[in-house]
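None of the figures in this text is laboratory data; all of them are computed from the coordinates on show. Just so we're clear, the structure is a prediction, and the values are computed from it rather than from any experiment. Neighbour counts run over all protein chains shown; Cβ positions are idealised from the backbone, glycine included.
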Amino acid sequence: MASDKLRVGFVGAGGIAQGAHFPGWQALDDAEIVAICDIKEETAAKAAAAAGVAKKNIFADYNEMLEKVELDVVDVCTPNCYHKAPVVAALNAGRHVIVEKPAATSVAEVEEMIAAKNRAKKLLMIAQSMRFGGEALAAKRFVDAGGMGDIYWAQAELLRPRGVPAWGAFISKEMSDGGPCYDLAVHVLDLSLHLMGFPEPTRVSANIWLEISDKPSIMKHDPKKFTVPDELAAGFIRFENGACISLATSWAVNAPGGTHKVFLAGTKAGMSNPPLTIVREEYGMLTNATAQVLPESGIKSHSEEIRQFAEAIQTGGPSPVPPEQALITQRILDGIYESAAKGREVKV
Ligand SMILES: NC(=O)c1ccc[n+]([C@@H]2O[C@H](COP(=O)([O-])OP(=O)(O)OC[C@H]3O[C@@H](n4cnc5c(N)ncnc54)[C@H](O)[C@@H]3O)[C@@H](O)[C@H]2O)c1
């Protein structure tokens, strides 16, 4: 380690970096942001000023940053299609890496990242922030204590009726590859899999639609820039242990309102999140219990994910979200697009 504090360099210093990752690192006494790389000069300068980074440590090329600055950690917050290259470069340079979700945009890319991580013997964490909110942490405790019994079905849904993003790279095929599947479904899919213990997926049947993305959306996107293949996706995923997930996600659908839920059916209980609700049969009644007080109340998910990553580095612990889990998620995401293209169920 270069100093007592973890020295952090960013690749990609836009919305999520400045809005969520900066505060996460800045809340830690034993970490400091010391370098910024962004291909947009103005973004890099603004981010460096916000993080208190010296001018000499502002870069447009991450290879130069890796060469010139002693770093412990590289935090990659570039658009989806530009995750793999800086992640592999940073691991090859012997740094620990945290990268935004989705890990990458194909199974082959995630496999390349895993190989680089194994060669480097460094930690690689995928920033699946939804796992680190108070309710998700409590849900995991309940599952791990056996409260659910065997989980055999999940509904993972994140639907926005008219919520096509207007900023960043989200709607660009070239920069993001996919639409709500990569932006939204990856969150609820990851949380479902995490709570289910990452069973082995076997088959996916899915469809994607592009019907109304030119309609007005609350974020006022420019339909001419919309080049990703999906505005709505729905699928059914089968697992080796017999469990299944029903998945639905959208940026645009004529639905009565938005939905955001992970519902799990277990042999001992049901669980819906958020809000965290436990459903159990007790004393002859099927009852719903909602948590009134959580030890993690008020916790910020992105800050907690970064705190846990820093702790794992310092204690030599495992990655809080290892890329091997993201590989399972990516197999399913690849399966969704493949099944939609072929019009039938596919093996994953
Ligand atoms: N976890 C969440 O809740 C959440 C929320 C928003 C975005 N994200 C993810 O974060 C990532 C970035 O999204 P964003 O909203 O911050 O986008 P953004 O466009 O605001 O920021 C991305 C930045 O990366 C820079 N960049 C692109 N290529 C680069 C390169 N090769 N080297 C250096 N910089 C480069 C861009 O100039 C831009 O400033 C995406 O993968 C997205 O899925 C996650």
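Expressed as a whole number of Å, what is the distance separating the alpha-carbon centroids of segment 277-298 and segment 303-348?
Centre-to-centre distance over Cα atoms comes out at 29 Å.
Compute for segment 147-295: radius of gyration divided by Kirkwood radius, i.e. Rg/Rh, restricted to C-alpha atoms, rounded to two decimals.
Using Cα coordinates only, the ratio equals 1.04.
From the Cα gyration tensor of segment 100-215, with a ≥ b ≥ c the square roots of its eigenvalues, which class applies: rounded if a/c is under 1.5, or else prolate if a/b is larger than b/c, or else oblate?
Note, shape of segment 100-215 comes out oblate.
How far, in degrees from 0 to 90, does helix 41-51 lean away from the longest principal axis of the Cα atoms of the chain, to the nearest 10?
Roughly 80 degrees, rounded to the nearest 10.
Just to confirm the number: angle between the C-alpha axis of helix 186-196 and the first principal axis of the chain, 0 to 90 degrees, nearest 10?
With both axes taken from Cα atoms, the answer is about 60 degrees.
Just name one of GLY14, VAL107, ALA252: the one whose Cα is farthest towards the positive end of the charge dipole of the chain (beta-carbon charges, Lys/Arg +1, Asp/Glu -1).
Of the candidates, ALA252 comes out farthest on the positive side.
Pop a pseudo-label 7 angstrom from the Cα along the beta-carbon direction at both ASP214 and THR315 and give the gap in nm to one decimal.
Computed distance between label sites ASP214 and THR315 equals 5.5 nm.
How fast does segment 1-93 diffuse by Stokes-Einstein, in µm²/s, taking the Kirkwood radius from C-alpha pairs at 10 °C and 1.306 mPa s?
Taking Rh from Cα pairs, D becomes 123 µm²/s.
Could you rank the peptides 56-62, 122-128, 94-100, 321-327 by their average count of other C-beta atoms within 10 Å per residue, with the highest value first?
Ranked by mean Cβ neighbours within 10 Å, highest first: 122-128, 94-100, 321-327, 56-62.
Arranged from highest to lowest average of other beta-carbon atoms within 10 Å per residue, in what order do the peptides 63-73, 150-160 appear?
Answer by packing, highest mean first, reads 150-160, 63-73.
Taking only the alpha-carbon atoms of the chain, what semi-axes of the equivalent ellipsoid follow from 5 times the gyration tensor eigenvalues under a square root, in whole Å, largest first?
Equivalent ellipsoid of the chain: 33, 25, 19 Å, largest first.
Report the FRET efficiency, 1/(1 + (r/R0)^6), for GLU345 and ASN254, where r is their Cβ-Cβ distance and R0 is 22 Å, rounded to 0.05.
With R0 = 22 Å, the Cβ-Cβ based efficiency is 0.25.
List the equivalent ellipsoid semi-axes of segment 102-157 in whole Å, largest first, each obtained as the square root of 5λ for an eigenvalue λ of the Cα gyration tensor.
29, 15, 12
Give the value in nm², to one decimal: projected area of the alpha carbon convex hull of segment 37-80, averaged over all directions.
Projected over every direction and averaged, the Cα hull of segment 37-80 covers 3.3 nm².
What FRET efficiency would be calculated for the residue pair GLU112, TYR283, taking the C-beta separation as r and a Förster radius of 51 Å, to the nearest 0.05?
Calculated value: 0.40.
Relative contact order for the chain: what is it in percent, counting Cα pairs under 8 Å that are at least 6 residues apart?
Relative contact order comes out at 20 percent.
Assuming R0 = 51 Å, what is the FRET efficiency of LYS68 and LYS140, from their Cβ-Cβ distance, to the nearest 0.05?
Here the calculated transfer efficiency is 0.80.
Please work out the Cα center distance from segment 63-106 to segment 224-254, rounded to the nearest Å.
28
For PHE226, what is the net charge nearby, where nearby means another residue's Cβ is under 14 Å from its Cβ and Lys, Arg count +1, Asp, Glu -1?
Here the charged neighbours net out to -2.
Within 10 Å, count the other beta carbons around each residue, average over each peptide in 248-259, 177-188, 40-51, and list them highest first.
Going from most to least packed, we get 177-188, 248-259, 40-51.
Net charge near SER301, counting Lys/Arg +1 and Asp/Glu -1 over other residues with Cβ under 14 Å of its Cβ?
Counting the neighbours of SER301, the net charge comes to -1.
Is the shape of segment 263-348 rounded, prolate or oblate, going by the alpha carbon gyration tensor and its root eigenvalues a ≥ b ≥ c, with a/c under 1.5 for rounded and a/b larger than b/c for prolate?
oblate
Residues in segment 112-136, backbone N under 16 Å from the label point at LYS40 (7 Å along the Cα-to-beta-carbon vector): list them, ranges by number please.
Nothing falls inside the zone, counting backbone N under 16 Å.
What do you get for the angle between helix 107-120 and the principal long axis of the chain? Use alpha-carbon atoms, 0 to 90 degrees, nearest ten.
50
Hull surface divided by four, with the convex hull built on the Cα atoms of segment 16-66: how many nm²?
3.5
Might you report the magnitude of the Cβ-based charge dipole of the chain about its Cα centre, with Lys and Arg at +1 and Asp and Glu at -1, to the nearest 20 debye?
Roughly 300 debye, rounded to the nearest 20.
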